[in-house]
Amino acid sequence: GLFKSPLLIVAGNEFPARTPRELVEALKARPGFYSFATSGVGTVQHLGFEMLKGQTGTFALHIPYRGAAQIVPDVISGVVRATAGMAQAKAGRLRALALMSNDKLPGAEAIAPLSSAVPGIDVAPRLFLLAPAGTPGPVLDRLGEAARAVMGAPDMAQAAALQGAVPDF
């Protein structure tokens, strides 16, 4: 892999939970009361939250959007209770509850991973560099060297962090 994008679960400031454990407790206490928004059915965010529900025996209603643009305003206004995101959490308009990955996200180092309450859960989109089957070994070696050189550059890590990603090679 080249990059991994740790997902952050955020909720409106009125949401009763502040930690991963409290999130699970809130979902268990009121099955079906809470909802979560994603940018569509079958996205990593959707499937990650479904994994959370499955591993904790909880239920929250999935609200799929056609994209991410309207999600944050709806979470801030209380139309939807939770989603994945960081910019609004940093601004104090939303509350960051948990990282869905064990990786530390630059700028969000203090946020606990969801695995602190749900062992084994680790959800993050990844970007891979692929080559066709049968590509000669020397070509793969050269591609690997070039990828490591680019990914190891300090400005690459900084650019990745601005996009909410961490190097994963």
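The values are calculated or read from the model by the stated rules, or taken from the named source; none is laboratory data. Keep in mind it's a predicted model, so treat the numbers as computed, not measured. Heads up, the Cβs are rebuilt from the backbone with ideal geometry, glycines too, and the neighbour counts pull from every protein chain shown. Heavy atoms of the whole protein, side chains included, go into the accessibility calculation; ligands, DNA and RNA do not. Shrake-Rupley method; radii C 1.70, N 1.55, O 1.52, S 1.80 Å.
A compact table of results
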{"quantity": "Per-region count, the range 1-31, residues open to solvent by 10 Å² or more (accessible area, probe 1.4 Å), in a loop (DSSP other than H, G, I, E, B) and of a type in the set (A, V, I, L, M)", "calculated": "2"}
{"quantity": "Qualifying helices (runs of 4 or more DSSP H) (wholly inside the range 61-169; at least 2 residues being open to solvent by 80 Å² or more (accessible area, probe 1.4 Å) and either acidic (Asp, Glu) or touching a Pro at 6+ places or on another chain (Cβ under 6 Å) (or both))", "calculated": "137-151"}
{"quantity": "Leading residue by the ranking (modelled with the lowest pLDDT) among those in the range 41-60 that are exposed (fewer than 14 other Cβ atoms within 10 Å of the Cβ) and small (Gly, Ala, Ser)", "calculated": "42"}
